[in-house]
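Accompanying notes for the structure given below.
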Amino acid sequence: MYSATKKVSAIESGGRDRAMFKRDTLLGEAAPVRGHHAPGLVMLIATLGASVPSIAQPDAVSRTVEIYAQRCSGCHGQEGDGLGPAAERLNPPPRDFTLGMYKIKSSGFDEYLPNDEDLLRMIRDGMPGTAMPAWGDVLSDQEMADLVRHIKTLAGYEADEKPSQQVEYGTQVLGSADSIRIGRELFLERDRCSECHGKDGKGDGLKSLKDDNGERTWPRNLTKPWTFRASNDPRDIYTRISAGIAGTQMPSFADPASDKVLSSEERWHVANYVSSLAKTDNVVRPDNTVVKAAKLVGRLPDSADDPAWEQAEPSTFFLVPQMLAKKRLFKPTNDTISVSALYNEQEIAFLLEWDDRTQSIPGDENAEKIADGQIFEDSVALQLPLDIPSGTEKPYFGMGDPTHAVNIWQWTSGTTDEPEQTSLINARGIKDIERRDAAGAGVQATGTYQDGTWRVVINRALATANPRQDIQFLEGRFIPLALAAWDGSNGETQSRHTMTSWYWLLLKSPAGSRPLIVALIVILAIIGAEFWWMRSASRRRRQ
Ligand code: HEC
Ligand code: HEC
């Protein structure tokens, strides 16, 4: 397993880790301490020029150094120490190139040095779920290859140096129901992967993980392939579980010293299982901006596991950190939220579902064990305009504005001493907030947490006795809707939270979507007319 102890012991053992050994001689330092100051690029460039004849042309080298300074140093630091000006607010932090240790590599588990192709791939394609951009459209292949050589030298490797061990792929086992079943058993066997990634792979293992720099890290939610640094293709997963993820607590399962080691064939089964975990429901479809509420004849569901929800069509949106008002959030953990809605003659019900690795109940032993610092309650809120706009005009996004009031319905998870709670706020901007009695206004909410997912149901009557204070829902109208979520184990409370932008809610009238169809026909007719006009205009011009 990669750990700080291994690094130190490698150094103590007299250079089993050649990178560290060489870097020490180069920089004249004893230990890889974050925050040190390397003696400047001049010396590194001199070394580079002397040892690598193939790119010794001073202008090629200085060109690479220039590109690095322009494109990379803002995050990775002028000297590659990972301490660029932007670094402070990034989680995960930018790589410290002077350590010569990389996450995504196909070299053997006992090697720090990746293959050049591994580095090139991360530079070209970027690292999803982090600030590391994809440079493939910006830099040429040659420029990226030169950068690979350059960053290797920042750790004291030769620009041409190659790792001696590689991940052994054996014979690939193709994905099948059988292989996935065996993979799941191995995943759960002695809590091999579930220890960190949770029973269903949502990253909700009861572990507080830190990377080698002491930064809080989270095991990947394996159902969200869009957050994988590499990909969720079985071959990539196989490579990760064989090589481990250096600098983090994700170990190698090819290492015979591990008591949970897996044979090559077993690793293929696990890789096929993990690949099969990718969500197909509740994923963001950027073209979907409307939560469509279906009309039911009977009773509405008042809990998350009510089968009636199958009749609803969930919409999933990205959650982004709140940056408008102080205090801002920079290191979010929640990234998407799904909304479903159903209504009947009297009432409307919303189901809000989001993956959260931690059930944050202040006072709870398990919650205290995994939290980093003080725990707050988990929470979710729904923001709706008090008056449904007639056009596309929406209230100001952050809690409305003086002429556009909003209703905010908020559910909080409760503590060991207090049960869950529902609250109601009317706001006309951040400075004009009125707290109201949620029960009095008929807003009711209840939540359940299971295997890394919160499900919260919120109900209210379509119409209330207080139309000047409460939104009155109407069929067939586009109603702005926005969401916010708080992960209390991530220090999120009050204005520190994630949120969506405005989307729309539409109560679909059951008599078919006639008003919508009419609107569509009108729009098509207008487009047709414009097209005809343009054609005839250009014909007129030609004549
Ligand atoms: C906006 C900030 C930012 C910029 C600019 C940036 N990076 Fe990164 N980079 C990161 C972060 C953050 C990580 C760490 C991601 C992680 O740990 O999962 C990273 C990681 C890397 C890695 C490590 C790959 C691995 O497998 O561990 C390489 C190599 C890299 N960057 C190269 C570059 C190069 C070359 C440039 C300039 C062309 C560059 N980066 C520019 C933020 C940045
Ligand atoms: C001790 C905790 C731990 C165990 C055990 C563990 N992982 Fe991980 N895993 C992590 C952490 C932490 C990360 C995120 C690393 C990072 O910060 O990039 C991760 C990341 C991953 C990734 C993401 C790769 C990518 O491209 O982003 C995959 C896939 C994965 N683990 C699979 C597994 C499988 C399969 C097992 C069991 C064979 C396993 N892990 C066991 C902690 C663990």
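The values are calculated or read from the model by the stated rules, or taken from the named source; none is laboratory data. The structure presented is a predicted model; accordingly, all values stated were derived computationally and were not measured. We place every Cβ from the backbone using ideal geometry, glycine too, and count neighbours over all the protein chains shown. Note: areas computed on protein heavy atoms with side chains; ligands, DNA, RNA excluded. Shrake-Rupley method; radii C 1.70, N 1.55, O 1.52, S 1.80 Å.
What do you reckon, is Ala243 within 27 Å of Thr171 (Cβ to Cβ), out of contact with any Lys or Arg (no Cβ under 6 Å at 6 or more places or on another chain) and at pLDDT 95 or above? No; evaluated as a whole, the condition is false for this residue. Selection within the range 273-311: residues that are among the basic types (Lys, Arg) and surrounded by 15 or more Cβ atoms within 10 Å (Cβ to Cβ). The member of this set that is farthest from Lys508 (Cα to Cα) is Lys279. Restricting the range 251-267 to residues that are open to solvent by 30 Å² or more (accessible area, probe 1.4 Å) and touching a helix residue (DSSP H, G or I) at 6+ places or on another chain (Cβ under 7 Å), the residue that is nearest to Val173 (Cα to Cα) is Glu266.
Scanning the range 120-155 for residues that are polar (S, T, N, Q) and within 7 Å of ligand 1 (Cβ to nearest atom) gives a single hit, Thr130.
Could you grab me the full set of residues in the range 312-332 that are within 30 Å of Gln346 (Cβ to Cβ) and open to solvent by less than 30 Å² (accessible area, probe 1.4 Å)?
At the first step, the residues of the range 312-332 found to be within 30 Å of Gln346 (Cβ to Cβ) are 312-317.
Correct list: Ala312, Ser315, Thr316, Phe317.
When the range 226-235 is filtered for residues that are within 10 Å of ligand 2 (Cβ to nearest atom) and either under 25 Å from Asp356 (Cβ atoms) or open to solvent by less than 20 Å² (accessible area, probe 1.4 Å) (or both), the ones remaining, listed by number, are Thr227, Phe228, Arg229, Ala230, Ser231, Asn232. Can you name every residue in the range 97-107 that is within 16 Å of ligand 2 (Cβ to nearest atom), more than 22 Å from the chain's Cα centre (by Cα) and part of a loop (DSSP other than H, G, I, E, B)? If the condition is that a residue be within 16 Å of ligand 2 (Cβ to nearest atom), more than 22 Å from the chain's Cα centre (by Cα) and part of a loop (DSSP other than H, G, I, E, B), then Met101, Ser106 are the ones that fit. Of all positions in the range 297-317, at least one carries a residue that is within 22 Å of Gly476 (Cα to Cα), free of Cβ contacts under 8 Å to residues at least 12 places away in the same chain, outside the structural domain of Arg184 (by TED's automatic domain parsing) and not small (Gly, Ala, Ser).
Looking at the range 212-225, is at least one residue open to solvent by less than 50 Å² (accessible area, probe 1.4 Å) and either more than 24 Å from Thr333 (Cβ to Cβ) or more than 13 Å from ligand 2 (Cβ to nearest atom) (or both)? Yes: one or more hits.
Residue count for the range 134-171 satisfying the condition of being at positive phi and within 29 Å of the chain's Cα centre (by Cα): 0. Within the range 448-496, the residues that satisfy the criterion of being closer than 18 Å to Gln421 by Cβ and of a type in the set (D, E, K, R) are Arg455, Arg460, Asp487, Glu492.
Could you please let me know if Ser379 is modelled with pLDDT of 95 or more, surrounded by 18 or more Cβ atoms within 10 Å (Cβ to Cβ) and among the small types (Gly, Ala, Ser)? The answer is yes for Ser379. If you go through the range 114-167 and keep only what is away from ligand 2 (no atom under 16 Å from the Cβ) and acidic (Asp, Glu), you end up with Asp116, Asp137, Asp141, Glu143, Asp146, Glu158, Asp160, Glu161. Entry remark, the range 473-506: residues being part of a strand (DSSP E or B) and small (Gly, Ala, Ser) number 3 in total.
Give the number of residues within the range 53-87 that are in a loop (DSSP other than H, G, I, E, B), modelled with pLDDT under 90 and surrounded by 17 or more Cβ atoms within 10 Å (Cβ to Cβ). Result for the range 53-87: 0.
For (1) among the small types (Gly, Ala, Ser); (2) at negative phi, each residue gets a yes or a no:
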{"residue": "Gln359", "(1), (2)": "no, yes"}
{"residue": "Ile370", "(1), (2)": "no, yes"}
{"residue": "Gly373", "(1), (2)": "yes, no"}
{"residue": "Glu377", "(1), (2)": "no, yes"}
{"residue": "Gln383", "(1), (2)": "no, yes"}
{"residue": "Ile388", "(1), (2)": "no, yes"}
{"residue": "Gly391", "(1), (2)": "yes, yes"}
{"residue": "Gly398", "(1), (2)": "yes, yes"}
{"residue": "Pro402", "(1), (2)": "no, yes"}
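Taking Lys279 as the residue in question, decide whether it is among the basic types (Lys, Arg) and within 11 Å of ligand 2 (Cβ to nearest atom).
No: the conditions fail for Lys279.
Applying the criterion of being surrounded by fewer than 19 Cβ atoms within 10 Å (Cβ to Cβ) and under 18 Å from Ala134 (Cα atoms) to the residues of the range 88-110, the residue that is nearest to ligand 1 (Cβ to nearest atom) is Leu90.
Can you confirm whether Thr239 is assigned to a loop (DSSP other than H, G, I, E, B) and within 16 Å of ligand 1 (Cβ to nearest atom)?
no
Only one of the listed residues (Gly198, Gly170, Gly203) is more than 14 Å from ligand 1 (Cβ to nearest atom), among the small types (Gly, Ala, Ser) and more than 16 Å from Asp356 (Cα to Cα). That residue is Gly170.
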